[in-house]
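The values are calculated or read from the model by the stated rules, or taken from the named source; none is laboratory data. If you're wondering where the values come from, they're calculated on a predicted model, not measured in any experiment. We place every Cβ from the backbone using ideal geometry, glycine too, and count neighbours over all the protein chains shown.
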Amino acid sequence: MSYDPFVIPFSAGAIILFIILIYKYTYWIITLSKADTFKLLKGLFSIKFFKAIKEIVLESLFHRRIFKINPVLGYMHMSFALGWLLLILGGTLENKIHSHKPFNAPYEPIFFKFFNHDINAYPWANEFKFVMDFLLLFVLSGVLLAFFKRIYSRLFGMKKTTRLKLGDWFAMMSLWFIFPLRFLAESFTAGMYDNGGFLTGNAGRFFASFIPLQDVSYIAWWAYSIALGTFFVALPFSRYMHIFTEVVLIFLRNFGIKNCKVYNSFSAIEVNACSRCGICIDKCQLLTSSRITDTQGVYFLQSIRNNEIKEEKAFDCLLCGRCQEYCPVGINLNNIRISRRFEFATGNQNYDYISSQVEKTAPVIYFAGCMTHLTPSIKIAMESILKTAGIDYLFLDKNGSICCGRPLVTAGEILKAHKLIEKNTQLIKDSGAKTLVTSCPICLKVFKEDYKLPIEVLHHSQYLLRLINEGKIRVHHSKESAVYHDPCELGRGNKIYKEPRELLNKVVNLQSVSQEAELGLCCGNSLGGVQLNTVQRDLIRIDALNVLQKNNPNYIATACPLCKKTFVKSAETDVKDIAEIIWLSMQNSRKPKFVHEIKQPKEEAVIEL
Amino acid sequence: MKNFGYTLSEDRQINYDKNDKKILAYVKEHEPSFNICISCGTCTATCSAAQFTNFNIRHLYTLLKRGEVTTLKKEIAKCMLCGKCLLACPRGVNTRNVIIKINQAIEKYSL
């Protein structure tokens, strides 16, 4: 076994790293809830295990999601992750073939070139030389890009990159030094023995012409080892903890473990899996419109890792979910935010005044929701449509609305919300309905996520599309143009993008807007933004309206009463809910027939009408 | 005590120099928009909880200013935080957060 004192920093760093990692992961896995532990054990022996492996290769190594966001950014992350892993694997294989032994000291493959200078002594030596040099070049190109990203992040499609804390800078610098130092050390050694591949060999010959390599090569190997050791020790305390935690997270997520809005060890794993890549920063409307610079997902998770429980960071958020839609790690930022808000929750509640008696039983329930009561035109339109279609329905919250509980959830008052959820569930069960239709995406979210109802829950856009497809209502395509605004809770919250568009395409000419679907803008009045003041909300609304009104459509169509109520405040275009547009179209499609019927006998009367 | 068929009324005097203004101070500090409330009552008119019970946000503000903590605590428990009042408020008071802050203050000072 080869040995030299310079391997000590690397070996010590690696040992410290693995002790810390084993301690942390063991602690997190032991403290998982019983149900989650059961899921974990079950998942390990099922097909889900292989699905997780596939996802790890695609996301942790190739960084497919980042590639979709920006190819240069994806390449940068891939060169580090995939390049470094292949360097380690290639080095290990090379070392094993060379030594003919199945086991080796961990440092031997890393410092292979220092210990072995006989280039033709083992099979495929030339191929290995080429591959290892190529991989090193691959990683070095990533380091170069990372350096430029710090200087000019717009090159990578990012207006802003993460502001790092001191610990992260320290770890990042040691990471940046690792590969150039490896390059120097290998080149110097290659120059001394006149071997090495296309990169290190040529560089070695070049350096040999003007540097006394005998003196400096040993120093370079020491420096390389120290850089590695430093990085390993800094890793568990910096953002680079994501390297290993993301793998654990992908396994747990594939096994069906979910973030349940209460901070637990799964949330801790999610928090540690954040790489602080900063992709979430640009997506945050609080930054782009309201100029709040320290509450974005990455900074929020950073504050949790540093054990700073700051109320503003937990509450300054719209919970619109734009950040989490683009998170390459797939962290459920909204639920982590809610779990932090839960720590500020109070238990003071008394909802005994809510009656739990239903008027009648019916196959369909219509639940307007609080916000729809604030925009009565939507509920009038919905009731008219349902009556025209001849649906036997129960208007569950006709006489004053019982809140669905989602606003309490967004404020972190999960226990209070469950009181309302119990009451409403009882009402819904008593009605004997098979389908629940709601006009409010906020209600839809909580009905689907927290109620665990045995019946079908639909947003009115889905239900209206079904009525049209079944021929129960008839609509008329007009020449008017409209843009569709994706409400946060309907789009990102419930992944309903297709149905509202399909529905609108039947009645108006739907125009596209620059930011829609997954990138849809929040109206600014989201109930998640608990502590935002009026000015901050207004700035978001104005920016969102500017995007929507850009091509001067006849209508802004939305599917959320809260968004409608917000937009009408300052929109120059008519803001209509989908239900209103459909009802209008139904009236128009009936009119010609109506006029035709009474035209012959009483033409004048029609004109008077 | 002998029952005469009538009792003395409870003392309804509020001494504004001595009443408990801790919660009010907390709310004003953490939700400054509370200061611009004109007590128009739009919030109460639109309130979801007020459809079912005599819950009254405007009255809550009066209780808060008077420092009537016991009634305040009992009344505020009825709020469902639905946020309709916030949208209806003509002055842009963050009413929903005022409620949250009152609840937090009650908890903080364990009243």
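Summary table
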{"read-out": "Scan of segment A:540-575 for residues that are more than 24 Å from the chain's Cα centre (by Cα) and closer than 16 Å to A:Leu287 by Cα, ordered by number", "value": "A:Ile542"}
{"read-out": "Selection within segment A:82-112 - among the small types (Gly, Ala, Ser) and buried (at least 19 other Cβ atoms within 10 Å of the Cβ)", "value": "A:Gly83, A:Gly91"}
{"read-out": "Filter result for B:Tyr26 (part of a helix (DSSP H, G or I), more than 11 Å from chain A (Cβ to nearest Cβ) and either basic (Lys, Arg) or closer than 25 Å to A:Tyr353 by Cα (or both))", "value": "no"}
{"read-out": "Pair list, Cβ under 8 Å, 6 or more apart: segment A:166-195 residue more than 18 Å from A:Ile243 (Cβ to Cβ) and touching a residue at least 24 places away in the same chain (Cβ under 8 Å), other residue of a type in the set (Lys, Arg) and crowded, with 17+ Cβ neighbours inside 10 Å", "value": "A:Ala185/A:Lys113; A:Glu186/A:Lys113; A:Thr189/A:Lys113; A:Ala190/A:Lys113; A:Asn195/A:Lys129"}
{"read-out": "When residues of segment A:328-381 are limited to those that are of a type in the set (S, T, N, Q) and not in a loop (DSSP other than H, G, I, E, B), the one nearest to the other protein chains (Cβ to nearest Cβ)", "value": "A:Thr372"}
{"read-out": "Which listed residue, of A:Tyr224, A:Tyr218, is surrounded by 23 or more Cβ atoms within 10 Å (Cβ to Cβ) and of a type in the set (Phe, Trp, Tyr)", "value": "A:Tyr224"}
{"read-out": "Checking A:Gly330 against (1) over 37 Å from the mean Cα position of the chain (by Cα); (2) at positive phi, the condition it does not meet", "value": "(1)"}
{"read-out": "Condition broken by B:Tyr16, with the remaining ones in (1) assigned to a loop (DSSP other than H, G, I, E, B); (2) modelled with pLDDT of 90 or more; (3) away from every other protein chain (no Cβ under 12 Å) satisfied", "value": "(2)"}
{"read-out": "Of the criteria (1) surrounded by fewer than 22 Cβ atoms within 10 Å (Cβ to Cβ); (2) at pLDDT 90 or above, which one A:Cys274 fails", "value": "(1)"}
{"read-out": "Condition broken by A:Cys317, with the remaining ones in (1) buried (at least 24 other Cβ atoms within 10 Å of the Cβ); (2) away from chain B (no Cβ under 14 Å); (3) outside any helix (DSSP H, G or I) satisfied", "value": "(2)"}
{"read-out": "Tabulated pairs, segment A:16-45, first surrounded by 13 or more Cβ atoms within 10 Å (Cβ to Cβ), second in a loop (DSSP other than H, G, I, E, B) and hydrophobic (A, V, I, L, M, F, W, C), C-beta under 8 angstrom, 6+ apart or interchain", "value": "A:Leu32/A:Ile257; A:Asp36/A:Ile257; A:Lys39/A:Phe255; A:Lys39/A:Ile257; A:Leu40/A:Leu32; A:Leu40/A:Phe255; A:Leu40/A:Ile257; A:Gly43/A:Phe255"}
{"read-out": "Top-ranked residue in segment A:382-410 [being in contact (Cβ under 8 Å) with a residue 60 or more places away in the chain and part of a loop (DSSP other than H, G, I, E, B); ranked as farthest from A:Pro561 (Cα to Cα)]", "value": "A:Gly390"}
{"read-out": "Filtered residues of segment B:49-61 (kept if of a type outside the set (Lys, Arg) and in contact (Cβ under 8 Å) with a residue 12 or more places away in the chain)", "value": "B:Ala49, B:Thr53, B:Phe55, B:Asn56, B:Ile57, B:His59, B:Leu60, B:Tyr61"}
{"read-out": "Matching residues, segment A:501-534, being within 14 Å of another protein chain (Cβ to nearest Cβ) and closer than 21 Å to A:Ala314 by Cβ", "value": "A:Gly524, A:Asn525, A:Ser526, A:Leu527, A:Gly528, A:Gly529, A:Val530, A:Gln531, A:Leu532, A:Asn533, A:Thr534"}
{"read-out": "Filter result (among the aliphatic types (A, V, I, L, M) and within 14 Å of B:His59 (Cα to Cα)) within segment B:26-42", "value": "B:Ile38"}
{"read-out": "Single residue of segment A:452-474 satisfying the filter (outside any helix (DSSP H, G or I) and in contact with a Leu (Cβ under 9 Å, 6 or more places away or on another chain)) that is farthest from A:Glu489 (Cα to Cα)", "value": "A:Ile473"}
{"read-out": "Residue within segment A:546-558 that is within 21 Å of A:His460 (Cβ to Cβ), away from chain B (no Cβ under 14 Å) and among the aromatic types (Phe, Trp, Tyr) present", "value": "yes"}
{"read-out": "Segment B:71-111: number of residues that are touching a residue at least 24 places away in the same chain (Cβ under 8 Å), surrounded by fewer than 20 Cβ atoms within 10 Å (Cβ to Cβ) and more than 10 Å from chain A (Cβ to nearest Cβ)", "value": "3"}
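Results for (1) of a type in the set (A, V, I, L, M); (2) free of Cβ contacts under 8 Å to residues at least 12 places away in the same chain; (3) more than 18 Å from A:Ile243 (Cβ to Cβ); (4) outside any helix (DSSP H, G or I), shown as yes or no for each residue.
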position	(1), (2), (3), (4)
A:Leu58	yes, yes, no, no
A:Leu85	yes, no, no, no
A:Gly90	no, no, yes, no
A:Lys101	no, yes, yes, yes
